[in-house]
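Below is one structure, written out as structure tokens, with a few remarks after it.
The values are calculated or read from the model by the stated rules, or taken from the named source; none is laboratory data. Quick caveat: nothing in here was measured; it's all calculated off a predicted structure. Every residue, glycine as well, gets a Cβ built from its backbone with ideal geometry; the counts of neighbours run over all protein chains shown.
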Amino acid sequence: MDISIWAWVGFHAVVFVLLALDLGVFHRSAHEVQVKEAAIWTVVWITLSLGFNLGLYAWLGPQAGLSFLTGYLIEYSLSIDNIFIFVLLFSFFRVPPAYQHRVLFWGILGALIMRGSMILLGAALLTQFEWIIYIFGAFLVYTGLRMFFSRDAEEDIHPEGNLLVRVVRRFLPITKEMRGPHFFVREQGKLMATPLLLVLLIVESTDLIFAVDSIPAIFGITRDPFIVYTSNVCAILGLRSLYFLLAGVMDKFHYLKTGLAVILTFVGMKMLWPEITYLVLHKRYDIPNALSLGVIVATLAVAVIASFIRARRIEAEPPVEVSR
């Protein structure tokens with residue numbers, strides 16, 4: 001669909017105002033984000049996203065509204081997987097809770113730029129080469145199956161192997177300890193990076209890796225760059241508050257990765273389905289977005305409920321006594 005340039009400008013203006021209020025007013029002073037504050041901000045970001053969704057529904061019609069909502073849920077659910085990495089990363093570098101919001105703020109701002117570039121590139125490729133959608137689909141099916149059968153309980157953090165970290169270490173001296181909320185400091189006339197900058201770079205590169213999965217997944221729902229981009233942005237904006245809300249209970253979401261694997265595989269099959277039906281039935285059939293939305297919501301619900309049932313069962317089990 002043909003979206004006016006002013007719609008893009010207006011959306012970015014609202015996003016930048018919200019980010020300015022977030023960092024410049026509500027989080028002007030570094031502090032540890034408590035669960036209550038995180039819960040309030042999570043509700044705020046979700047409400048704003050759903051409000052934008054209603055605006056799209058009224059402006060562009062039901063199909064656009066449904067596509068945005070489905071893409072938003074896909075991106076929001078996949079972004080939860082980032083939280084596992086953030087928990088490990090902040091623990092590895094011993095980042096004080098008061099500085100974690102600052103890292104995630106600038107990390108997500110960089111993610112918006114990177115994802116915007118990737119979405120525009122993906123949309124241009126799909127316009128020129130229709131068959132790329134099947135490559136996206138096959139990649140998502142492969143990624144989903146690999147995630148489903150993976151037995152790794154958690155991912156390891158190896159900052160020394162990160163390319164961006166190696167580049168910074170080569171050209172900039174790094175302080176041994178944190179210097180408050182600063183990414184750079186000047187000591188004895190020499191500009192130095194702090195460990196907080198290394199954490200930010202790993203957050204950026206980690207998000208780039210996750211975007212390789214999530215962006216093709218949304219292209220499986222709609223190819224409209226405006227809807228793909230805005231659903232991505234709305235989901236990412238709520239990631240910080242969601243991290244502070246869920247960081248302490250991530251170990252309870254045992255089946256979340258399984259649910260995300262099912263969603264990725266399903267979306268990949270949605271991309272491939274028209275070609276599969278054409279080869280078998282000589283006619284292309286699409287999986288409706290309404291059905292996709294139902295599958296995604298049901299999968300997430302089952303994964304979350306099953307995870308909490310498992311967590312409660314483990315908590316109810318009597319402690320194992322070690323015999324001497």
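When the test is whether a residue is closer than 17 Å to T230 by Cβ and touching a residue at least 24 places away in the same chain (Cβ under 8 Å), L112 passes it.
Evaluating M118 against the criteria (1) buried (at least 17 other Cβ atoms within 10 Å of the Cβ); (2) within 26 Å of D251 (Cα to Cα) leaves one unmet condition, (2). For first residues located in region 161-185 and without any contact (Cβ under 8 Å) to a residue 12 or more places away in the chain, partners that are among the hydrophobic types (A, V, I, L, M, F, W, C) and outside any loop (DSSP other than H, G, I, E, B) and lie 6+ apart or on another chain with Cβ distances below 7 Å form the pairs V185/M192.
Residue selection: K283 fails the criterion of being of a type in the set (K, R) and either out of contact with any helix residue (DSSP H, G or I) (no Cβ under 8 Å at 6 or more places or on another chain) or closer than 23 Å to S150 by Cβ (or both).
Among the residues of region 265-287, which ones are in contact (Cβ under 8 Å) with a residue 12 or more places away in the chain and in a helix (DSSP H, G or I)? Give the steps one after another, and end with the answer.
Step one: list which residues in region 265-287 are in contact (Cβ under 8 Å) with a residue 12 or more places away in the chain, which gives 265-275, 285-287.
Passing the criteria: T265, F266, V267, G268, M269, K270, M271, L272, W273, P274, E275.
Select, from I113, I40, I3, the only residue that is in a loop (DSSP other than H, G, I, E, B), surrounded by fewer than 18 Cβ atoms within 10 Å (Cβ to Cβ) and aliphatic (A, V, I, L, M).
Details: I113 fails: in a loop (DSSP other than H, G, I, E, B); I40 fails: in a loop (DSSP other than H, G, I, E, B).
Only one candidate qualifies: I3.
May I ask you to say which residue of E130, E160 is assigned to a loop (DSSP other than H, G, I, E, B) and either modelled with pLDDT under 85 or touching a His at 6+ places or on another chain (Cβ under 6 Å) (or both)? Among E130, E160, only E130 is assigned to a loop (DSSP other than H, G, I, E, B) and either modelled with pLDDT under 85 or touching a His at 6+ places or on another chain (Cβ under 6 Å) (or both). Residue count for region 102-148 under the criterion of being under 16 Å from the mean Cα position of the chain (by Cα) and under 20 Å from G238 (Cβ atoms): the result is 16. From A290, A316, which residue is out of contact with any Phe, Trp or Tyr (no Cβ under 9 Å at 6 or more places or on another chain), touching a residue at least 12 places away in the same chain (Cβ under 8 Å), exposed (fewer than 14 other Cβ atoms within 10 Å of the Cβ) and not hydroxyl-bearing (S, T, Y)? Result: A290 is the single residue among A290, A316 that is out of contact with any Phe, Trp or Tyr (no Cβ under 9 Å at 6 or more places or on another chain), touching a residue at least 12 places away in the same chain (Cβ under 8 Å), exposed (fewer than 14 other Cβ atoms within 10 Å of the Cβ) and not hydroxyl-bearing (S, T, Y). Annotation note: Cβ proximity below 6 Å between a residue of region 240-254 that is surrounded by 19 or more Cβ atoms within 10 Å (Cβ to Cβ) and a residue that is part of a helix (DSSP H, G or I) and polar (S, T, N, Q) (sequence gap 6+ or interchain) occurs for S241/T42; L242/T42; L245/T42; F253/S307.
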